């Protein structure tokens, strides 16, 4: 019976790749748990079953259609361990950057490559050739300087918006956007909600938007400043983790 389970598994793997969890479910349904585990153990020993190799191939064939969040969800749904998913996705981001940079080998194409990489979620500093840590530190410094400036400037902007109709339209449009993205969260969680709003690096959720949200919702500066500053640090570290190693690909443009 064990040889039948193994032969069946080999036939399945000859057609396409499977994660261990999916293949185990197929074998267990047909041959039982014990036979399934025995066959999987032999496949792993022979090198025919490897979740890391499966995840890398899965990402490589679907990276053009799906972003990292969707790929992560698809891999987890197929039973790939979370630690393997977290290992493979940053590698895929680096490979994506390398593919872009091979396409734009010439120096005159550098601006085009930078714009493309920014659009795909790579930090500007990394796209310009800084190391991930250098990009992180410069971005962190710039954003931390923005926080006290914005918290001091935006209350004045609210007053100006009530007196200057031309300025009012731009301000109310900005306020509407940030309220839509984070008002419910900040009203529910307070300063913690403000921290989370800035800490998750999504479009329109940076230090400036967080400061606008703090001002229009009346969050006191003594709570708003540390929440925004810590959010900036957390967002920078997250982006650093997601893009580490990308700088090596930029050597193609030098």
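Pairs of Cα atoms under 8 Å, at least six residues apart: use those to get the relative contact order of the range 2-98, whole percent.
Details: 75 pairs, mean separation 28.7, N = 97.
Contact order relative to length: 30 percent.
To make sure I understand, if each residue's beta carbon is the centre and we count other beta carbons within 10 Å, what order do 181, 26, 70, 16 fall in, fewest to most? If you can, show how the numbers build up before the last one.
Details: 181 18, 26 15, 70 11, 16 8.
Fewest to most other Cβ atoms nearby, the residues stand as 16, 70, 26, 181.
Of 61, 205, how do they rank once you tally other Cβ atoms within 10 Å and put the fewest first? Each step should come with its number before you reach the end.
Details: 61 10, 205 20.
Neighbour counts put them in this order, fewest first: 61, 205.
Run the Debye formula on the Cα coordinates of the range 132-241, all scatterers equal and no solvent, and tell me log10 I(q)/I(0) at q = 0.16, 0.17, 0.20 1/Å.
-0.67, -0.75, -0.99
Could I get the Rg over Rh figure for the range 2-98? Both from C-alpha atoms, Rh via Kirkwood, rounded to two places. Write down the numbers at each step before the final one.
Details: Rg = 14.4 Å, Rh = 14.0 Å.
Rounded to two decimals, Rg over Rh is 1.03.
Values quoted throughout were computed directly from the atomic coordinates according to the rules given, and no laboratory measurement underlies them. Keep in mind that this is a model prediction, so the values were computed, not measured. Every residue, glycine among them, receives a Cβ derived from its backbone with ideal geometry; neighbour counts consider all protein chains shown.
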